[in-house]
Amino acid sequence: MVHVYGPHIFHTNDAEVWEYVNGFQRFMPYKNQVKTTSRGHVYSLPINLHTINQFFGKTFRPDEARAFLERQADKSITDPSTFEEQALSLVGRDLYEAFFKGYTEKQWGCSPTKLPASILKRLPVRFNYDDNYFFHKFQGMPENGYTDMVGQILDHPNIEVQLATKYRRSDRLDAIHIFYSGPIDGYFDYEDGRLGYRTLDFERFHFDGDYQGCAVMNYGDASAPYTRVTEHKHFSPWEEHQGSVCYREYSRACGPDDIPYYPIRLVEEKALLAHYVARAEREKGVTFVGRLGTYRYLDMDVTIREALDTARHYLPRAAARGHMPSFLEKAIAC
């Protein structure tokens, strides 16, 4: 039940994906209520009416808060192209510097002026007191954990699992078709350079009691070296535990021997990615899938949706010995 590689809360609007995962594990109701420590105070995320009123010392109604943020926002930015411009155009400088600037610098290892505006479009601003971090119809946590769920998915007579086995291109000679979910640049042994990834370090510690009163506490100040602290007993509120297992999470550049967690996708990465995509499209008998294979930030539900679609695309073609493309997602290089 401890999320060793960071917290994973399942959330989706895709009914078929929700039905699929519940076929291997019962998902218990769970609402992700994230808090953040900034400038010596604790606030709720995403930014909502309580956050706005607490931060500015106001008692706004929803319409008043909306009008207030309209005045705070930088309306001179009409077409934001960077993370910082997007934040300033949405919430203004005060909220941006308190909740986004320092956290983003730690998370991505670069200035928000170098990150695309699209990253921030995933974060809503609410003018009510709803502190549910996600807005999807289906949300929950697997009752017995993801390890048990994945174990049941793999418990099938057609599946053989080989651990600690490095895939090499020469291995495909023994396969009808390869679905490759490792790093796309790694597939080509990084011959033309390495794409940029971020990796994470987790510092585990124990606490006798309740350490922070919530599952996830972000740290928005740049002076805090970690991005967040997770307290894992709060991810399964249907259980009771006296002690706590907690992790401090640190983000840094991914080296050759590190686990790549998520792609950076800056301009220089996109140029190299386009090169690897062109090489991949010349490969035969290989389809690149997943977060690393397509070099995109994907949530769990999107990954599962694409896997189901890939299987449906492949199976009739396999029976007819038809062609399978290298990528089902043509927007990979965008």
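The table below lists the values:
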| quantity | calculated |
| --- | --- |
| Enumeration of residues in segment 185-195 that are assigned to a loop (DSSP other than H, G, I, E, B) and buried (at least 19 other Cβ atoms within 10 Å of the Cβ) | 195 |
| Extreme residue, modelled with the lowest pLDDT, among residues of segment 259-305 that are among the acidic types (Asp, Glu) and closer than 25 Å to residue 8 by Cβ | 269 |
| Identity of the residue in segment 19-59, in contact with a Lys or Arg (Cβ under 8 Å, 6 or more places away or on another chain) and among the hydrophobic types (A, V, I, L, M, F, W, C), that ends up nearest to residue 259 (Cα to Cα) | 45 |
| Number of the condition not met by residue 96 [criteria: (1) free of Cβ contacts under 8 Å to residues at least 24 places away in the same chain; (2) farther than 15 Å from residue 43 by Cα] | (2) |
| Given (1) without any contact (Cβ under 8 Å) to a residue 12 or more places away in the chain; (2) more than 30 Å from residue 264 (Cα to Cα); (3) not small (Gly, Ala, Ser), number of the condition residue 62 does not satisfy | (1) |
| Any hit, segment 267-283, residues being part of a loop (DSSP other than H, G, I, E, B) and in contact with a helix residue (DSSP H, G or I) (Cβ under 6 Å, 6 or more places away or on another chain) | no |
| Residues located in segment 9-42, provided they are part of a loop (DSSP other than H, G, I, E, B) and either within 13 Å of residue 133 (Cβ to Cβ) or more than 18 Å from the chain's Cα centre (by Cα) (or both) | 9, 23, 24, 25, 26, 30, 31, 32, 33, 39, 40 |
| Selected residue [touching a strand residue (DSSP E or B) at 6+ places or on another chain (Cβ under 6 Å) and either not hydrophobic (A, V, I, L, M, F, W, C) or not in a strand (DSSP E or B) (or both)] from 223, 244 | 244 |
| Among the residues listed as 248, 296, 279, 265, the single one being surrounded by 15 or more Cβ atoms within 10 Å (Cβ to Cβ) and on the phi > 0 side of the Ramachandran plot | 265 |
| Criterion: loosely packed, with under 14 Cβ neighbours inside 10 Å, at pLDDT 95 or above and in contact with a His (Cβ under 7 Å, 6 or more places away or on another chain) - qualifying residue of 213, 243, 209 | 243 |
| Residue among 55, 134, 127, 83 that is farther than 23 Å from residue 40 by Cβ and without any contact (Cβ under 8 Å) to a residue 60 or more places away in the chain | 83 |
| Top-ranked residue of segment 117-139 - restricted to ones that are of a type outside the set (A, V, I, L, M, F, W, C) and under 16 Å from the mean Cα position of the chain (by Cα), ranked as nearest to residue 24 (Cα to Cα) | 139 |
| Test: residue 220 is over 25 Å from residue 33 (Cα atoms) and among the small types (Gly, Ala, Ser) | no |
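Yes/no per residue for (1) among the hydrophobic types (A, V, I, L, M, F, W, C); (2) under 30 Å from residue 269 (Cα atoms); (3) without any contact (Cβ under 8 Å) to a residue 12 or more places away in the chain:
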site	(1), (2), (3)
155	no, no, yes
162	no, no, yes
165	no, yes, yes
172	no, yes, no
179	yes, yes, no
193	no, yes, no
204	no, no, no
214	yes, no, no
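Matching residues to (1) out of contact with any Asp or Glu (no Cβ under 7 Å at 6 or more places or on another chain); (2) assigned to a loop (DSSP other than H, G, I, E, B); (3) not aromatic (Phe, Trp, Tyr):
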site: 106; (1), (2), (3): yes, no, yes
site: 110; (1), (2), (3): yes, yes, yes
site: 120; (1), (2), (3): yes, no, yes
site: 124; (1), (2), (3): yes, yes, yes
site: 133; (1), (2), (3): yes, yes, no
site: 149; (1), (2), (3): yes, no, yes
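The values are calculated or read from the model by the stated rules, or taken from the named source; none is laboratory data. From a predicted model like this one, the values you see are computed outputs, not experimental measurements. Here Cβ is always computed from backbone atoms with ideal geometry, including for glycine, and neighbour counts include all displayed protein chains.
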